[in-house]
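The values are calculated or read from the model by the stated rules, or taken from the named source; none is laboratory data. Bear in mind that the values here come from a model prediction, so they are computed numbers and not experimental data. Here the Cβ is made from the backbone with ideal geometry for all residues, glycine too, and neighbour counts use every protein chain on show. The accessibility values were calculated without ligands, DNA or RNA, using every heavy atom of the protein model including side chains. Shrake-Rupley method; radii C 1.70, N 1.55, O 1.52, S 1.80 Å.
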Amino acid sequence: MKGFKRLAVLLVIALLLQHFCARADVIVASASTTQQQIQQKEQEKQELENELDKTEENLEGLREEHSSLQGELNNLNAQLSEVSSNLEELERQIEEKEQNIARAQEALQEAKEKETWQYDLMVTRIRFTYEHNGHDMVSSLLSMGSFADMLNAADYFEKIAAYDQKLMEEYTENRKLIEEEEARLQADRTELENLKTQAEAEKSKVSGLISQTSNTISQYEDDISDAEAAALAYEAEIKQREEDLDYLRKKLQEELAMSQAAANAAWRDISEVTFAEGDRYLLANLIYCEAGGEPYEGQLAVGSVVINRVLSSMYPDTVVGVIYQSRQFSPVASGRLELALASNKATDSCYRAADEAMSGVTNVGNCVYFRTPIEGLSGINIGGHVFY
């Protein structure tokens, strides 16, 4: 009988051991599956982060090239302004030359007319003298009372002829001088027109370069916009992967513990804080990245969290230190904050929220964390975030 009981006990123990071993196998298998899922999620997250790093590097290169092209465009605009000024000056000089040429041509026409008039006058006088009054002139000379009177009369006629000849020579010389001046002015105008043609060609060339550079800048702006959109998409996917991972649950517990510790730790009064130049700009742009699409209460809540950390002895005591503390705000890690700061994307309401938070106003009490709501997390719900 004792042997039978002993056999029964051994049989029961064997059954129990078999049951527990099977249960242990199930537990081990379940843990193994969970671990594989975690590893898979972590690998997916790592791949997304690598793609985000590549996108950010590409974005940085695009921004540098965009900046370089903008500088080149500024130089081209300066060149265009200088060429346009030179062209205007050349046009003014050409107009002045044309006016001088017109005056010279008028003077030349007048000189030609005087020369022709003097020539006609001489011809008429000679013809009249020798064809009609030749006999009278000879008679007049012979009728002179003395040889001296005859010489005086001959001298008079000779002086008239010399005077006519002198005027003719003066008019002819004057005409030649005016013709030379007109030729010089015409040569100057031709030279200026050549310079104008060169300046117009240079202006056209610079204008073409400006148009080409502007188009390239526009293309880079489109590429930058696409890269920013890609960075936002990667950031969203990474955030989703992070929220799927079990270790974030642990991180959440750590944050809750940190929040509680911060609540119990020493706090400064807002009057004890000295804000640095640029803190308002930095905080407003972070608010834009984290809650730009949220109502004003959500924007103020984000600003309040940052200032709460500045006031708490558990965190850095400056706005810069809090915002750039490692792995605290996703826009810092993803590069979105840098993009916002580069072009000051913060809205007026973001600046108003920053101003209120920096003055000590808070609508989330002493909360030092916020995130998109997840199951099991309680806190102050404002907009699309829960603050705790």
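Inside the stretch 320-335, residues that are open to solvent by 60 Å² or more (accessible area, probe 1.4 Å) and touching a helix residue (DSSP H, G or I) at 6+ places or on another chain (Cβ under 7 Å) make up a count of 3. Flag: ALA346 matches the condition of being open to solvent by less than 60 Å² (accessible area, probe 1.4 Å), under 30 Å from GLY61 (Cα atoms) and of a type outside the set (Asp, Glu). One residue stands out among those in the stretch 379-388 that are touching a residue at least 40 places away in the same chain (Cβ under 8 Å) and not in a loop (DSSP other than H, G, I, E, B): the one that is most open to solvent (accessible area, probe 1.4 Å), which is ILE380. Restricting attention to the stretch 227-251, which residues are exposed (fewer than 14 other Cβ atoms within 10 Å of the Cβ) and at pLDDT 85 or above? Within the stretch 227-251, ALA229, ALA236 meet the criteria. Of everything listed in (1) of a type in the set (S, T, N, Q); (2) open to solvent by 50 Å² or more (accessible area, probe 1.4 Å); (3) in a helix (DSSP H, G or I), the single unmet condition for THR274 is (3). Quick check on this structure: which one of SER211, SER225 is in a helix (DSSP H, G or I) and either of a type in the set (A, V, I, L, M) or under 30 Å from THR372 (Cα atoms) (or both)? That would be SER225, the only listed residue that is in a helix (DSSP H, G or I) and either of a type in the set (A, V, I, L, M) or under 30 Å from THR372 (Cα atoms) (or both). Scanning the stretch 366-388 for residues that are within 42 Å of the chain's Cα centre (by Cα) and among the small types (Gly, Ala, Ser) turns up GLY383, GLY384.
ASN194 meets the stated requirement of being among the polar types (S, T, N, Q), part of a helix (DSSP H, G or I) and either free of Cβ contacts under 8 Å to residues at least 40 places away in the same chain or in contact with a Leu (Cβ under 7 Å, 6 or more places away or on another chain) (or both). Within the stretch 361-378, the set of residues being in contact (Cβ under 8 Å) with a residue 12 or more places away in the chain and out of contact with any Leu (no Cβ under 9 Å at 6 or more places or on another chain) comprises GLY365, CYS367, VAL368, PHE370, THR372, PRO373. Criterion applied to ALA148, ALA161, ALA187, ALA154 was being at pLDDT 85 or above and either surrounded by fewer than 16 Cβ atoms within 10 Å (Cβ to Cβ) or within 30 Å of LEU80 (Cβ to Cβ) (or both), and the one residue passing it is ALA187. Listed conditions (1) touching a helix residue (DSSP H, G or I) at 6+ places or on another chain (Cβ under 9 Å); (2) more than 28 Å from SER271 (Cα to Cα); (3) open to solvent by 20 Å² or more (accessible area, probe 1.4 Å) are all met by SER359, apart from (2).
Out of the residues in the stretch 277-303 that are under 25 Å from the mean Cα position of the chain (by Cα) and of a type in the set (Ser, Thr, Tyr), which is surrounded by the fewest Cβ atoms within 10 Å (Cβ to Cβ)? Per the stated criteria, the residue is TYR281.
So if I check each of ALA301, ALA353, which one is within 30 Å of LEU48 (Cβ to Cβ) and among the small types (Gly, Ala, Ser)? Answer to the check: ALA301.
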